[in-house]
Amino acid sequence: MSEIVETPRPKRALSCIQPTGTPTIGNYFGALRNWVAMQEEMDCFFAVADLHAITVRQDPAKLRQQIREMFALLLAIGLDPEKNVIFVQSQVPTHAELSWLLACNTQFGELSRMTQFKDKSQKHADNVNAGLFTYPVLMAADILLYQPDYVPVGADQKQHVELTRDIAERFNSVYGNTFTVPEPYIMKKGAKVRSLQDPTKKMSKSDENQNAFISLKDDKDTILRKCKRAVTDSEACVCYREGKDGVNNLMELYSAVTGQSFEEIERAFEGKGYGDFKMAVGEAVAAELAPVQERFAMYLQDKAQLEALMKQGAEHAYAVSSRTLYKAKKKMGFVMV
Ligand code: AMP
Ligand code: TRP
């Protein structure tokens, strides 16, 4: 007798990135490169979270350019628009609509406890707008609309995913099962890249010191120069050890690019100075970024193709998300015609 084997639905993942500033190699090795690996294993949805970006005042022309650039970058790093749903959040109206429904099911106290709100309202004390406060609700809508199993995020976003779970569980228990309760997926392989100027801090695109970070748009000369200027120590030993934060950071970066272990790197650079090692790191990073940068320029230059791909992504995202929105509205008592 033949056995009926049920093939389980492939796991689904969703993540979004804000189109603010040019991402650094920290974003790339810490997050984006893992997205590329993930598309082989799961059904993936990736979005440019432009509605989130306006919680901080944006210049319209600059925002428009940054949305295009971030979308182009997602394609350039190797996310396949035929295999994944890649879209721009503001082009899919279900996000804002579900966000209101969820806002009425989220407590003021819960949102007040979000550490990102506390940090950002201090940093932008002149513009503590309601959107900054309700931002996690919009993020919950982004997620729950697509019924994902996993939400890959950095540690800083974990609290928001936990809140999303609470909102989903509460909604399901009040109105009946509507949303998949997702798990945060903190990436194991993601390297943590630190500032080249202060290796006790994480590399950040908002650093005032341009030499502290390598942006994905930096050309080879710039990358080599920034690596050359990276802070190290006076020991002149390429080895991974406590207290050698600068060298450790460069070794982690080199390892992330080449796949070599620390022991292999130590052996390869035995007896060599930091100058040689820094050049090797710079060369390796530049070589890894070169094809990404080439594709990035290509996508950006063909505006019609870029917008056609946005439209394709938005339509697909709308088709999936409107089913969830319909279900949620119906359960809440709205008249669906
Ligand atoms: P952000 O640019 O801070 O909004 O972060 C976007 C994503 O990139 C998050 O998943 C972060 O955890 C990740 N990320 C940002 N900076 C770094 C870094 N220096 N090293 C590793 N991952 C990072
Ligand atoms: N808030 C996230 C960040 O700043 C971006 C984001 C928006 C997001 N919506 C999301 C991440 C949904 C994961 C899932 O990095």
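We did not get these values from a lab; they are worked out from the coordinates using the rules stated. Source: prediction; values computed, not measured. So basically every Cβ, Gly included, is an ideal-geometry build from the backbone, and we count neighbours across all protein chains shown.
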- If every Lys and Arg gets +1 and every Asp and Glu gets -1 at its Cβ, then about the Cα centre the chain yields a dipole, in debye to the nearest 20, of 840
- Sorted from fewest to most neighbouring beta carbons within 10 Å, what does the list 321, 173 look like? 173, 321
- Going fewest to most other Cβ atoms within 10 Å around each Cβ, 156, 142, 43 line up as 156, 43, 142
- Task: Please sort through the DSSP H helices of the chain and keep those with an alpha-carbon extent of at least 18 Å along the long axis and a Kyte-Doolittle average not below 0.5.
- Result: 130-144
- Cα-Cα over 26 Å: which of 303/329; 83/192; 118/202; 120/220? 303/329; 83/192; 120/220
- Task: Towards the positive end of the charge dipole of region 210-297, with charges on Cβ (+1 Lys, Arg; -1 Asp, Glu), say which of 260, 231, 216 has the farthest Cα.
- Result: 216
- Long-range Cα-Cα pairs in the chain (distance over 34 Å), rounded percent: 32
- Message: Run lengths n ≥ 4 of DSSP H only: what is the helix-derived mean residue ellipticity at 222 nm for the chain, with -39500 (n - 2.57) per run over all residues, to the nearest 500?
- Response: -16000 deg cm²/dmol
- Obtain the nm distance between the two label points defined at residue 173 and residue 336 by a simple spin-label model: each point lies 7 Å from its Cα along the Cα-to-C-beta direction. 2.5
- Message: Starting from the Kirkwood Rh over alpha-carbon pairs, what translational D in µm² s⁻¹ does region 210-297 have by Stokes-Einstein at 4 °C and 1.567 mPa s?
- Response: 97
